[in-house]
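Below is one structure, written out as structure tokens; comments come after it.
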Amino acid sequence: MATPVEENYLKAYVMCTVQLGKTNEVLAALKKIPNITSVAVITGEYDIIVRVETKTMDEMYDRTQEIHLVKGIVETTTSVIQKEF
Amino acid sequence: MTDRTTRPFRKLPRKYLFIILAALSGIISAIWVAIDTFVTKGIVVDSVTLESNEYAFAIQSMIIGFLVSVLFVLLLWIPISKKPFEELKMRKRQKRQENDDDDNVQEDDKQVHAQGEQKRHFSFLGQFIDPQFQGIYLPTKRMFLWLTLSGLFSGIQTLVYFILIKRMDISVFLPAAQFVVVYLIIGDLIVDKSKPATVEVQSIVMIVLGVILAAIELDTTSSSLNWFNLLMVFIVFNGSSAVYVIFQKKLTQTKDHHGRNMDSTNIRLWTLVFMALFTILFTIPFMRKTDWFVFKTTFVRAIFPVALSMLLVYVSRIFYIRALAMGKMSIVNSLASISVIAGIPITVILSFIWPQYFQITSNWLVWLLRGIGAILVFTGIVGLSLSEVKIVILGKVKPGEKCDFEQIKEIPGVEKVSILTGEYDLMIILRTRTIGRGYQSIVARLELIPCIDVLVSSTILKEWSS
């Protein structure tokens with residue numbers, strides 16, 4: 001449950017496609033990046049879904065850039081959360 | 001100080017935190033049931049007949065419990081930082097500015113409001129126990145409805161509880177009280193109109209057999225099942241308990257005017273108000289003159305143990321409600337049933353301290369049956385919690401159609417609905433006991449929503465959260 005302050009945060013999901021055999025390395029690298037609140041390994045179209053929560057859009061940009069730099073991530077799709085129920 | 005998003009991944013992941021909270025709630029429950037047994041058998045006793053008086057104890061317990069709980073919440077409301085005072089100053093300033101020049105006030109209000117939004121992060125003593133606690137506040141109309149209904153069923157449950165602890169050994173009562181899990185699983189199956197999964201059947205059978213085994217009394221006074229007690233505990237106690245849990249879950253999901261859920265401390269306080277009211281109302285018709293006499297003469301002596309018991313109930317319920325907000329209802333109840341196992345050592349320890357109130361049988365067969373029963377119940381529960389799966393569903397909405405996203409949130413098992421920018425329009429997080437049940441939610445519910453165009457579901461293999 002988020003507190004009212006946290007509700008004002010900018011939230012986004014970053015869906016990542018990972019190079020075969022690099023999942024554990026990618027996970028270890030992702031866990032070190034600040035503002036990431038959850039990481040899930042999934043089946044299907046994407047391999048990993050990352051949830052990022054930041055105070056500003058600049059911060060969000062920095063975090064997505066850091067995710068792009070993680071070795072083993074082939075492709076990412078970032079979707080900003082407009083509303084959450 | 002780091003906030004939730006910048007701190008590293010917490011050592012205790014959410015899924016383990018909810019397990020610990022639920023289990024702690026169960027262990028504390030076993031302790032307060034033991035204290036209540038001690039009070040009913042040792043303190044609230046008719047001085048002439050030497051018989052314990054469950055009705056007098058029920059009313060005493062509710063009155064003392066209510067007063068103690070209010071005092072406890074007031075203690076939790078003590079500010080421990082400057083933030084609440086800053087908030088108070090901000091409000092005063094806002095009020096003063098409202099009385100000033102009309103032209104300037106709107107702009108100033110905006111600034112003050114913006115400052116307030118930044119600072120509105122209260123710091124109370126109670127946040128050590130319940131981080132969501134923001135002070136006592138009045139429930140909304142919808143919350144009031146759920147509180148009244150849960151208070152009504154809790155009143156029935158509480159009265160039956162006081163009758164049963166007089167008649168039953170706590171190591172028998174505690175496993176029997178866990179039968180509520182079976183009702184909740186069956187309730188879930190009826191609501192979902194689905195067939196039970198293998199793991200659910202296994203768990204139900206294990207819990208039922210475990211409860212029956214643990215409830216067999218083979219002591220010197222009776223060598224069979226006490227059917228009256230068992231029917232009271234299975235039908236009345238567990239039935240009202242199941243309905244109470246459903247309304248409490250509804251209450252935890254209801255949002256106030258600010259879009260916030262009620263915190264567990266407020267839920268407990270307000271539930272207690274209604275529970276005390278209904279318990280007293282249901283007990284009064286059973287009270288005779290002699291019962292009122294016992295009530296008066298034993299009231300002072302009962303204050304300390306009842307206060308201690310009610311405080312433990314309070315802490316246990318806060319842990320339980322917090323766990324309920326994190327996990328699925330039947331799983332939380334399953335984990336809280338660790339009290340089944342805790343009841344056995346607590347009974348044995350107390351039988352050494354107060355042998356006159358906690359008489360235990362020396363028949364090894366009874367302890368063997370209770371041990372096997374407790375293990376069966378616990379294994380059934382663990383099986384249920386381990387089978388839980390989480391599914392991520394990405395969806396596209398048909399262009400030009402208005403979508404009621406609240407409708408999606410109403411689907412059983414839907415934990416979160418996020419409206420997204422980009423390739424997909426929405427993401428749904430679904431939490432179910434089995435993949436088959438997840439399929440039911442997707443095929444039977446989500447796909448039938450008219451505005452939904454495309455659904456892509458993926459099972460979460462592993463998850464970490466901060």
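A few points about this structure:
- Sole exception among (1) open to solvent by 20 Å² or more (accessible area, probe 1.4 Å); (2) out of contact with any helix residue (DSSP H, G or I) (no Cβ under 6 Å at 6 or more places or on another chain) for B:ILE280, by number: (2)
- Residues in the stretch A:26-44 that are loosely packed, with under 15 Cβ neighbours inside 10 Å and over 23 Å from B:ILE393 (Cβ atoms) were compared, and the one that is farthest from the other protein chains (Cβ to nearest Cβ) is A:ALA28.
- Single residue of B:LEU138, B:LEU145 found to be open to solvent by 20 Å² or more (accessible area, probe 1.4 Å) and assigned to a helix (DSSP H, G or I): B:LEU145
To keep it simple, each residue is scored yes or no on (1) among the basic types (Lys, Arg); (2) assigned by TED's automatic domain parsing to the domain that holds B:PRO345.
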{"position": "B:GLY380", "(1), (2)": "no, yes"}
{"position": "B:CYS403", "(1), (2)": "no, no"}
{"position": "B:LYS409", "(1), (2)": "yes, no"}
{"position": "B:VAL414", "(1), (2)": "no, no"}
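- Of the listed requirements (1) of a type in the set (Val, Ile, Thr); (2) more than 10 Å from chain B (Cβ to nearest Cβ); (3) more than 16 Å from B:MET427 (Cβ to Cβ), A:THR23 misses just one: (2).
- Residue list for the stretch A:73-85, filter: more than 10 Å from every other protein chain (Cβ to nearest Cβ), touching a helix residue (DSSP H, G or I) at 6+ places or on another chain (Cβ under 8 Å) and surrounded by fewer than 18 Cβ atoms within 10 Å (Cβ to Cβ): A:THR76
- Candidates B:LEU394, B:LEU384 - the one that is in a helix (DSSP H, G or I), buried (at least 20 other Cβ atoms within 10 Å of the Cβ) and either away from chain A (no Cβ under 14 Å) or out of contact with any helix residue (DSSP H, G or I) (no Cβ under 9 Å at 6 or more places or on another chain) (or both): B:LEU384
- Within the stretch B:409-422, residues that are more than 9 Å from every other protein chain (Cβ to nearest Cβ) reach partners that are in a loop (DSSP other than H, G, I, E, B) with beta carbons closer than 8 Å, at six or more positions or on different chains, in the pairs B:GLY413/B:LYS328.
- Total residues in the stretch B:344-356, condition within 12 Å of B:ILE35 (Cα to Cα) and either modelled with pLDDT of 80 or more or open to solvent by less than 50 Å² (accessible area, probe 1.4 Å) (or both): 3
- Within the set A:ASP47, A:ASP58, the sole residue that is out of contact with any Asp or Glu (no Cβ under 9 Å at 6 or more places or on another chain), of a type outside the set (Ser, Thr, Tyr) and more than 10 Å from chain B (Cβ to nearest Cβ) turns out to be A:ASP58.
The values are calculated or read from the model by the stated rules, or taken from the named source; none is laboratory data. Note that the coordinates shown come from a computational prediction; the quantities given were computed from them, not determined experimentally. Note that each Cβ is placed from the backbone with ideal geometry, even for glycine, and that neighbours are counted across all protein chains shown. Calculation scope for accessible area: heavy atoms of the full protein, side chains included, ligands and nucleic acids excluded. Shrake-Rupley method; radii C 1.70, N 1.55, O 1.52, S 1.80 Å.
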